[in-house]
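The values are calculated or read from the model by the stated rules, or taken from the named source; none is laboratory data. Everything quoted here is computed from the prediction, not taken from an experiment. Note that each Cβ is placed from the backbone with ideal geometry, even for glycine, and that neighbours are counted across all protein chains shown. Side chains included, ligands, DNA and RNA excluded: accessible areas come from the protein's heavy atoms. Shrake-Rupley method; radii C 1.70, N 1.55, O 1.52, S 1.80 Å.
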Amino acid sequence: RFFLSIFILFVSLNASENYTKDLKSQIRAEVKALNLNDEGNYDQNIIFSKLALKKYPKSEELNMYLGTALYNEKNLEDSRIYFMKVLSINPGNEEASGFINIINQQEDANQNQNIEQVLDYLHDKGIDLVMIFLGFLGGEIIAKRYMQCNVFSKQAQ
């Protein structure tokens, strides 16, 4: 872990030196981030945009390009964070809203797929949803009977 941290620090410092010219103004930084995304260099854009956002944290475009790069790298959780930052800067940004809706739909689809896999597994093991429901229902009935018995025994005392 120590060596990984040193490596990441080295890459960040090296990247910072390489991007000095691109970080001189917000417009240059935004153009660089756009170009990196257009070229499909999402991993480089993630490094660059994080550096640029330290200098220009209120840039709607840098947050958008970073969110897009993270999305393309399948990092839905972090991409949502940057799209939310875009919306905090400009609540009317339809592109960021669209990405958030897509992310929510993908997460819902993933969740539904996971539920289907669990149900398939249970079915393969001979456990149907009806059996699970009856088990819960039986537990509820037993709990209510216990409560009634407990109430009656307290009243009898």
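Tell me yes or no: at least one residue of the stretch 73-96 is among the polar types (S, T, N, Q) and at pLDDT below 95. Yes: one or more hits.
Are any of the residues in the stretch 54-66 aliphatic (A, V, I, L, M) and over 17 Å from the mean Cα position of the chain (by Cα)? Step through it out loud before you land on a result.
If we filter the stretch 54-66 for residues that are aliphatic (A, V, I, L, M), which is where we start, we get 62, 64, 66.
Those still in the list that are over 17 Å from the mean Cα position of the chain (by Cα) too: 62.
Scanning the stretch 54-66 turns up at least one residue that is aliphatic (A, V, I, L, M) and over 17 Å from the mean Cα position of the chain (by Cα).
Of all the residues in the stretch 57-70, those that are open to solvent by 30 Å² or more (accessible area, probe 1.4 Å), over 14 Å from Ile47 (Cα atoms) and in contact (Cβ under 8 Å) with a residue 12 or more places away in the chain number 3.
Within the stretch 37-56, the set of residues being in contact with a Phe, Trp or Tyr (Cβ under 7 Å, 6 or more places away or on another chain) and open to solvent by 50 Å² or more (accessible area, probe 1.4 Å) is empty.
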